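The numbers here are math on the coordinates, done by the rules we state, and not lab data. Please read these numbers as outputs of a predicted model, since none were measured by experiment. Note that we place each Cβ from the backbone using ideal geometry, even for glycine, and neighbour counts take in every protein chain shown.
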Number of protein chains: 2
Amino acid sequence: MAISEFELIKKYFTSNDRGEGISLGIGDDCALINIPSEYELAITTDTQNEGIHFFKDTSPFLLGYKSLLVNVSDLAAMGAKPYCFTLSINLPDANEKFLEEFSKGLYSLSSKLNLPLIGGNTSKGPLSISISAYGLVRKNSAMKRANARVNDGIYVTGTLGLPAFAVDLGYRSSQICKLMEKLSLNKEYDSIFDHCYKKGMLIENRCSFSTELSRICSCAIDISDGLVGDISHILKASNVGATINIEDLPKPSEFSTYNLPEDYQDHLCLYGGGDYELLFTMNETNEEKLQKLSESSNVPVKRIGTIKNGSLELLKHGKMLDYREKPFEHF
Amino acid sequence: MAISEFELIKKYFTSNDRGEGISLGIGDDCALINIPSEYELAITTDTQNEGIHFFKDTSPFLLGYKSLLVNVSDLAAMGAKPYCFTLSINLPDANEKFLEEFSKGLYSLSSKLNLPLIGGNTSKGPLSISISAYGLVRKNSAMKRANARVNDGIYVTGTLGLPAFAVDLGYRSSQICKLMEKLSLNKEYDSIFDHCYKKGMLIENRCSFSTELSRICSCAIDISDGLVGDISHILKASNVGATINIEDLPKPSEFSTYNLPEDYQDHLCLYGGGDYELLFTMNETNEEKLQKLSESSNVPVKRIGTIKNGSLELLKHGKMLDYREKPFEHF
């Protein structure tokens, strides 16, 4: 017998970790939450669709984790502390094995963040996961795209490009197959894909780092569409330009392990999406504090450029590159 | 050339009506909102999928209206004043004609409610619309499913059953075609469907009525799954039973115009979904105040039964009916 919508919600999505400010969780027409008076509420929403944002055979566990992560990453980009979230899921059928693994992945991140699931809905349809996440940010301290100033340093957390490499591998285009053969990696293709895809999906969340960062930094974004695409959002909103030094981009160790060509590495770091690392600009006089925060929170941070007047310039050892590609577009 | 995601959002979904408490709307990683200290925030989310919640050829205008309405209806069910909303939309392609009409339908309701669109996303995928709506409710005054008490009267706004009749017509089952032929309505089938479907989609919102109602009533739900399904949620949450008098159910004038069989009318009112009217229970000593509110806000209200101990009883002229059907289930 098919499991009903209400039974589904009860079985897999009734969260016990009711947060302090949650007056009413799952089970009524709305959830009710309290916002402490010194805070604003940050709201974000993001959707993951099969075939667009993840491969058809992606593990449900990874999918549950990533679906929440992309939203939490938006909260981190504002310096907001995660508070609660809602989940809307379209399922082709009531596949309990899928739901069990999916909810495990979801809760593996939400428990870490002490983040209660306060509502949502399930519906029949092609697999699509839409999450809204809510965070608390001290009034007037949100990090915004419009706050970059000329001479600010430009910084990123973690490494760039691995998720994009995994996606390239996953598509198995003739180009990437040829490259892997040239690198004598074709026998290990599947295991390299599995390793990189899993690591690219199970990205560390930058939440606790970011709430501290917001004390010394007022401009940030998370890298979802690729570095060039996302820095462009900052430059446009702040009406400034920037210089990025490509040799300073933080690359994952896998790029040298697999001996990927340098051009391809640069391309993945500049244009690959799905990094979900923080990109931020800050007055460089705060670099010492940033260094301390990086060490105490165990989050690697690297300076990759400087905010300037004018437009965006990509420099490789001081020489300007003229290649520019479009960021990832959903249409 | 295909229109990009960013252009789409800018063209159709940048709302100018920034509300008073909205510190930051569309265009950053998160929206930021302020909650006045005497209020809680009510949060709801609902998804509309093609082929499940609406027919493939439904007018985009109606769809835009209805997608927001179902969420606003959940706010009304708590007595929350609509504050803002977010929209996540999956589109098979960047069909500008669709988007223009869809956004007109959406904004026709949001302008009426002075409700700003503060964020969201668009993605490629089978048509699916997921909206989250946010409302303000005075602390400790939300109407909840768990607050029904024995001897409370049971009331509904508006009329019941018309949306369900429209859906029956839309499916064109052999049963409904036979009925329409028997009623000599088969020649007008299409125009009757169009009339009922449009009226069933463009349902009045009950928001301003409901915020006033919450002063005299503490238990409500909106009728989305059908009267029997939704009263059952109240009874379960409040651990009580109820008597419903079927002859008191408020029927739309179309039912008598078309001479629908009485059994079928009753069935539509009891089990049909998508009414988005308010169902509430209240101490009957407040009936005079309710009558005044109904008149001043021009919202018809009808008493249809009484909260009792025990289980749910459906009475027709005092005689208990034994037919019970399952409410609308998504799986």
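The mean number of Cβ atoms from other chains found within 10 Å of a Cβ in peptide A:115-124 is 4, as a whole number. Taking H as built 1.01 Å from N, whose amide H comes closer than 5 Å to the amide H of A:M282, not counting residues under 5 places away? Under 5 Å from the amide H of A:M282: A:G153. Directionally averaged projected area (region B:145-320, Cα convex hull): 10.1 nm². Extending 7 Å from Cα along the Cβ direction at A:K199 and again at A:N259 yields two label points whose distance is 1.8 nm. A label point on A:N309, set 7 Å along the Cα-to-Cβ line, lies at 8.3 nm from each of its counterparts in the other copies, closest listed first.
Ascending distances from the A:E100 label point to its copies in the other chains, with the point 7 Å along the Cα-to-beta-carbon line: 5.2 nm. Note on B:K112 and A:D190: the model spin-label points, each 7 Å out from Cα along the C-beta direction, lie 5.7 nm apart. 222 nm [θ] for chain A, helices only, -39500 (n - 2.57) per DSSP H run of 4+, per residue, to 500? So the calculated ellipticity at 222 nm is -11500 deg cm²/dmol. With 10 Å bins beginning at zero, the pair-distance distribution over Cα atoms of the protein assembly as shown amounts to 3, 15, 24, 25, 16, 9, 6, 2, 0 %.
Charged side chains reduced to their Cβ positions (Lys and Arg at +1, Asp and Glu at -1) give the protein assembly as shown a dipole of some 700 debye around its Cα centre. A crude spin-label estimate for the pair A:E247 and A:Y171, with each label 7 Å from Cα along the Cβ direction, gives 3.0 nm.
Applying Stokes-Einstein at 10 °C and 1.306 mPa s to the Kirkwood radius of chain A, computed over alpha-carbon pairs, gives a translational diffusion coefficient of 76 µm² s⁻¹.
Note on chain A: with charges restricted to the Cβ of Lys and Arg (+1) and Asp and Glu (-1), its dipole about the Cα centre is near 420 debye. Of all DSSP-defined beta bridges confined to region B:174-331, some 70% are antiparallel rather than parallel. Here the Karplus relation 6.51 cos²θ - 1.76 cosθ + 1.60, evaluated at θ = phi - 60°, turns the backbone of region B:275-286 into coupling constants of 6, 6, 9, 8, 10, 9, 10, 7, 4, 5, 5, 8 Hz, with x for every Gly and Pro.
Normalised by residue count, region A:5-138 yields a Cα convex hull volume of 96 Å³ per residue. Of the residues A:G21, A:F55, A:I131, the one whose Cα sits farthest toward the positive end of the charge dipole of region A:5-138, with +1 on the Cβ of Lys and Arg and -1 on the Cβ of Asp and Glu, is A:F55.
In order along region A:75-85, phi translates into HN-Hα couplings of 5, 4, 5, 9, x, 8, 7, x, 10, 5, 8 Hz, rounded to whole numbers, per the Karplus curve 6.51 cos²θ - 1.76 cosθ + 1.60 with θ = phi - 60° and x for Gly and Pro. Out of the DSSP beta bridges found with both residues in chain B, what percent are antiparallel (nearest 5)? Close to 75 percent. For the pair B:N151 and B:R215 in one chain, pulling the backbone fully straight at 0.36 nm per residue adds 21.2 nm over the alpha carbon distance. Report note on the peptides B:241-248, A:271-278, A:54-61: ranked by the mean count of other C-beta atoms within 10 Å, highest first, their order is A:271-278, B:241-248, A:54-61. Lysine pair count for region B:91-229 (Cα-Cα distance under 18 Å; residues 8 or more apart in sequence or on different chains): 6. Between copies, the label points at A:S4 (set 7 angstrom from Cα along Cα-to-Cβ) are spaced 4.8 nm, reported in nanometres from shortest to longest. Dipole magnitude for region A:5-138: about 260 debye, using +1 per Lys or Arg Cβ and -1 per Asp or Glu Cβ, origin at the Cα centre. Positive end of the dipole of chain A (Cβ unit charges, origin at the Cα centre): among A:N151, A:A237, A:Q291, the Cα lying farthest that way belongs to A:N151.
The value of relative contact order for region B:145-320, using C-alpha pairs under 8 Å at least six residues apart, is 46 percent. Averaged over the residues of B:42-54, the number of partner chain Cβ atoms lying within 10 Å of the residue Cβ comes to 6. A simple rule links phi to the HN-Hα coupling: the Karplus curve 6.51 cos²θ - 1.76 cosθ + 1.60 with θ = phi - 60°, which for region A:142-151 gives 5, 7, 10, 4, 7, 9, 6, 10, 3, 6 Hz, with x for Gly and Pro.
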